[in-house]
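Worksheet: the structure to be examined is printed underneath.
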Amino acid sequence: MTSQAIAEQLASTPFMQALRRQKSDYTPVWLMRQAGRFMPEYRQVRAKTGFLELCHNPQLCAEVTVMAVDLLKVDAAIIFSDILLPLQSLGCGLEFVKGDGPVIHNPVRSVADVEKLPKINCSESLSYVLEAVKTARRELPENIPLIGFAGAPFTLASYLIEGGSSRNFEKTKRFMYTERRAWDMLMQHLSQIITDHLNNQIEAGAQAVQIFDSWVGSLGQSDYTEFVLPHVARTISGIRKDAPVIHFGTGTSSLLELMRQAGGDVIGVDWRIELASAWQKIGYDRAVQGNLDPVVLFADKNEIKRRAENILNQTGGRPGHVFNLGHGVLPETPYENVKYLVEIVHELGSK
Ligand code: CP3
């Protein structure tokens, strides 16, 4: 097939149709963290390779990306990578410590730290991600769209300032409240990197991109509006118009209208709100993605079916719903249940 014919075939898949709110034959489904520790085949790869080492190996990243699609029969692939890799390019000393998650050895704690951050050329310093995207695109079936991704400015800033994961984001918010100018500088610096990295992934072969603002739900509405929205809006408006943008966060029930305002063709919704009321808040001129509680996958098949059906029923038959979890698949999830969810969504969501 010519590349033009492949592009057309990809554009007419249920996943791409749903992102654009076009009718599709069935509701497409993919799962955040669909390549992860719940999967025995992934654990085999990880037994021999450290996580960061894996992320820096384009051939292995492509393999893991394709493997998840082959095994789970999902309707889209997401490139195997991590939102924190751009922070490594900034020289912040990223490490994944077994059991503790990510650690940033040189966190940003002052105006001087922000001023010291280097300007980076994303196509060079993250070239291994782009190579993984190219390889995965080549190795994926021609009817499976590939999603590129990046962290959103707030979520990346939170890792950079906290020095790792956090519960209350005290350091991040203190910095935001007390160092307004440095905060805006940092957010601007990060949004430029994110926009560049997403555009590079689209150029390398991604059909759509997702922005993960995983921890933005820690903010109230006025803080989001003042400290985050303008930066996310700038990030998204800089993205090439030929690839739809999925704008995802968790704990965002009270922020959905503002996230919509910030941008995105599709808004990702977590399970803390009913999908019907989320879509009403977001507006029917945007598509939605979500929103099964990942912990439902620890229940039995009847319960999984009941919950999946409940979500599908909340769309009112409108085109523009991509089925997903409300957050990533958890590592201890029974593998059979993940496979079952994809099957049952395909069965119940056929139109
Ligand atoms: O969805 C996919 O299948 C694609 C791959 C993907 C990973 N990370 C692989 C990964 C994606 C989209 C991400 C994004 C990411 N990374 C986010 C946003 C999504 C979210 O969950 O909110 C965040 C916050 C991170 C940062 C990060 N990376 C954390 C907090 C952890 C967990 C650390 C731990 O000890 O579990 C990671 C590691 C990570 N990223 C794993 C995977 C498969 C697990 C690493 C392993 O194999 O041990």
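The values are calculated or read from the model by the stated rules, or taken from the named source; none is laboratory data. Only a predicted model underlies this, so the values are computations on that prediction, with no experimental measurement involved. Here the Cβ positions follow ideal geometry from the backbone for every residue, glycine too, while neighbour counts run over all protein chains shown.
May I ask you to verify whether Asn106 is part of a helix (DSSP H, G or I) and either aromatic (Phe, Trp, Tyr) or touching a Cys at 6+ places or on another chain (Cβ under 7 Å) (or both)? No; evaluated as a whole, the condition is false for this residue. Checked against the criterion of being of a type outside the set (Val, Ile, Thr), farther than 16 Å from Met32 by Cβ, in contact (Cβ under 8 Å) with a residue 24 or more places away in the chain and not in a loop (DSSP other than H, G, I, E, B), the candidates Glu226, Glu257 yield just one match: Glu257.
Of all residues in the stretch 159-169, one or more are of a type in the set (A, V, I, L, M, F, W, C), assigned to a loop (DSSP other than H, G, I, E, B) and crowded, with 16+ Cβ neighbours inside 10 Å. Checked against the criteria, Pro118 does not count as more than 24 Å from Leu146 (Cα to Cα), at pLDDT 95 or above, touching a helix residue (DSSP H, G or I) at 6+ places or on another chain (Cβ under 7 Å) and of a type outside the set (Gly, Ala, Ser). Being of a type in the set (Asp, Glu), more than 14 Å from Leu190 (Cα to Cα) and at pLDDT below 95 holds for only one residue in Asp75, Asp82, Asp100, Asp70, and it is Asp100. Report whether or not Ser158 is within 16 Å of the ligand (Cβ to nearest atom), out of contact with any strand residue (DSSP E or B) (no Cβ under 8 Å at 6 or more places or on another chain) and among the polar types (S, T, N, Q). Taking the combined requirement at face value, the residue satisfies it. Being part of a helix (DSSP H, G or I) and either more than 16 Å from the ligand (Cβ to nearest atom) or more than 27 Å from Pro145 (Cβ to Cβ) (or both) is the filter here; which residues of the stretch 229-248 pass it? Of everything in the stretch 229-248, those that are part of a helix (DSSP H, G or I) and either more than 16 Å from the ligand (Cβ to nearest atom) or more than 27 Å from Pro145 (Cβ to Cβ) (or both) turn out to be Leu229, Pro230, His231, Ala233, Arg234, Ile236, Ser237.
In the set Ser277, Ser237, only one residue is surrounded by fewer than 19 Cβ atoms within 10 Å (Cβ to Cβ) and either touching a residue at least 24 places away in the same chain (Cβ under 8 Å) or touching a Ser or Thr at 6+ places or on another chain (Cβ under 8 Å) (or both); that residue is Ser237. For the stretch 1-45, taking the residues that are loosely packed, with under 14 Cβ neighbours inside 10 Å and of a type in the set (D, E, K, R), the one that is modelled with the lowest pLDDT is identified as Glu8. Output the residues belonging to the stretch 76-101 that are outside any loop (DSSP other than H, G, I, E, B) and not aromatic (Phe, Trp, Tyr). Of everything in the stretch 76-101, those that are outside any loop (DSSP other than H, G, I, E, B) and not aromatic (Phe, Trp, Tyr) turn out to be Ala77, Ile78, Leu85, Pro86, Leu87, Gln88, Ser89, Leu94, Glu95, Val97, Gly101.
Mind checking which residues of the stretch 261-305 are of a type in the set (D, E, K, R), farther than 21 Å from Met39 by Cβ and within 20 Å of the chain's Cα centre (by Cα)?
Filtering the stretch 261-305 for residues of a type in the set (D, E, K, R) gives 265, 270, 272, 274, 281, 285-286, 293, 300-301, 303, 305.
So of that shortlist, the ones also farther than 21 Å from Met39 by Cβ come out as 265, 270, 272, 274, 281, 285-286, 303, 305.
Listed by number, the residues that qualify are Asp265, Asp270, Arg272, Arg286.
Taken across the stretch 155-164, residues that are under 30 Å from Pro28 (Cα atoms) and β-branched (Val, Ile, Thr) do occur, with at least one present.
Taking the criterion of being within 15 Å of the ligand (Cβ to nearest atom) and of a type in the set (A, V, I, L, M), the residues of the stretch 198-220 that qualify are Leu198, Ala206, Ala208, Val209, Ile211, Val216.
Checking the condition touching a Cys at 6+ places or on another chain (Cβ under 6 Å) and within 11 Å of the ligand (Cβ to nearest atom), which residue from Phe96, Phe38, Phe51, Phe80 passes? The match here is Phe80.
Taking the numbered list (1) within 13 Å of the ligand (Cβ to nearest atom); (2) outside any helix (DSSP H, G or I); (3) over 19 Å from the mean Cα position of the chain (by Cα) in turn, Lys23 passes all entries but (1).
Within 15 Å of the ligand (Cβ to nearest atom) and farther than 30 Å from Ile344 by Cα - does that describe any residue in the stretch 66-74? Checked against the condition, which is being within 15 Å of the ligand (Cβ to nearest atom) and farther than 30 Å from Ile344 by Cα, the stretch 66-74 yields no hits at all.
Name the residues in the stretch 99-115 that are more than 13 Å from the ligand (Cβ to nearest atom), within 16 Å of Gly163 (Cβ to Cβ) and not hydrophobic (A, V, I, L, M, F, W, C), would you?
His105, Asn106, Pro107, Arg109, Ser110, Asp113
Which one of Ala182, Ala206 is surrounded by 17 or more Cβ atoms within 10 Å (Cβ to Cβ), touching a residue at least 24 places away in the same chain (Cβ under 8 Å) and in a loop (DSSP other than H, G, I, E, B)? Within the list Ala182, Ala206, the selection yields Ala206.
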